[in-house]
1. Might you check whether a residue that is within 24 Å of Ser109 (Cβ to Cβ) and of a type outside the set (A, V, I, L, M, F, W, C) occurs anywhere in segment 138-152?
2. Out of everything in segment 128-155 that is open to solvent by 40 Å² or more (accessible area, probe 1.4 Å) and among the hydrophobic types (A, V, I, L, M, F, W, C), what residue ends up being nearest to the chain's Cα centre (by Cα)?
3. Out of segment 36-63, which residues are in contact with an Asp or Glu (Cβ under 8 Å, 6 or more places away or on another chain) and either part of a helix (DSSP H, G or I) or among the polar types (S, T, N, Q) (or both)?
4. Take the residues in segment 23-54 that are out of contact with any helix residue (DSSP H, G or I) (no Cβ under 7 Å at 6 or more places or on another chain) and hydrophobic (A, V, I, L, M, F, W, C); name whichever of them is least open to solvent (accessible area, probe 1.4 Å).
5. Please indicate, with yes or no, whether at least one residue in segment 135-147 is in contact (Cβ under 8 Å) with a residue 12 or more places away in the chain, in a helix (DSSP H, G or I) and more than 24 Å from Asp34 (Cα to Cα).
6. Mind listing whichever residues of segment 148-181 are in a helix (DSSP H, G or I) and hydroxyl-bearing (Ser, Thr, Tyr)?
7. Does segment 156-165 contain at least one residue that is among the polar types (S, T, N, Q) and surrounded by fewer than 19 Cβ atoms within 10 Å (Cβ to Cβ)?
8. Quick test for you: out of Gly86, Gly57, pick the one residue that is surrounded by 13 or more Cβ atoms within 10 Å (Cβ to Cβ), closer than 23 Å to Val110 by Cβ and in contact (Cβ under 8 Å) with a residue 60 or more places away in the chain.
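The values are calculated or read from the model by the stated rules, or taken from the named source; none is laboratory data. None of the values given here were measured: they were computed from a predicted structure. So basically every Cβ, Gly included, is an ideal-geometry build from the backbone, and we count neighbours across all protein chains shown. With ligands, DNA and RNA removed, areas are computed over all heavy atoms of the protein, side chains included. Shrake-Rupley method; radii C 1.70, N 1.55, O 1.52, S 1.80 Å.
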Amino acid sequence: MLNIVLFGPPGAGKGTQADFLIKNYNLIHLSTGDILRSEIKEGTTLGLEAKKLMNNGLLVPDDVVIGMIKSQLEKNPTSNGFIFDGFPRTQKQAKELDKLLNKKSTSISVMLSLKVDDQELIKRLLKRGIDSGRADDQNENIITNRINEYNIKTTPLKDYYRLQNKLHEINGIGSVSEIANKLNQIIDNL
């Protein structure tokens, strides 16, 4: 089973690259952002709470996110593997994910980390906000807060996978196909 943690700050291109990886390796895409937005759209209790946090550029609590991921893993027992996009974000989440996967006799195969500088991220997210209408991508202060939250709380997760020799960092600036080719090369050499 191929299990990929697709990592990078908001706007790094994780969703775009996940689409290529899904097609190339027949994987299930688990995007916590997509799952949360679905909950928001449906107006669930989780969705309303998540919306309040997300609109302020804050992260949703671990127990909520872990429960959502567990549910998605259980819904797809015969999958070739998963792309985890936006999860895990902390070492606590990574350890919980390891436990969930261990119960399925599998583990994380690789962390693919897309690197993009902050100014480029702000530019990309503001453009995405215009294209998508997402409120959290239309306010530069909220975007800056999200990037700062990522840098402070999430970046240390790379060390967790580095110590397991699973971290591969990729420059997230370039054409979509160039970046996709770099990711494919890493996966094919696992």
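1. yes
2. So the residue we want is Ile152.
3. Leu46, Gly47, Ala50, Met54, Asn55, Asp62
4. Filtering first and then ranking leaves Leu53.
5. no
6. Result: Tyr150, Thr154, Tyr160, Tyr161, Ser177.
7. Scanning segment 156-165 turns up at least one residue that is among the polar types (S, T, N, Q) and surrounded by fewer than 19 Cβ atoms within 10 Å (Cβ to Cβ).
8. Of the residues listed, the single one that is surrounded by 13 or more Cβ atoms within 10 Å (Cβ to Cβ), closer than 23 Å to Val110 by Cβ and in contact (Cβ under 8 Å) with a residue 60 or more places away in the chain is Gly86.
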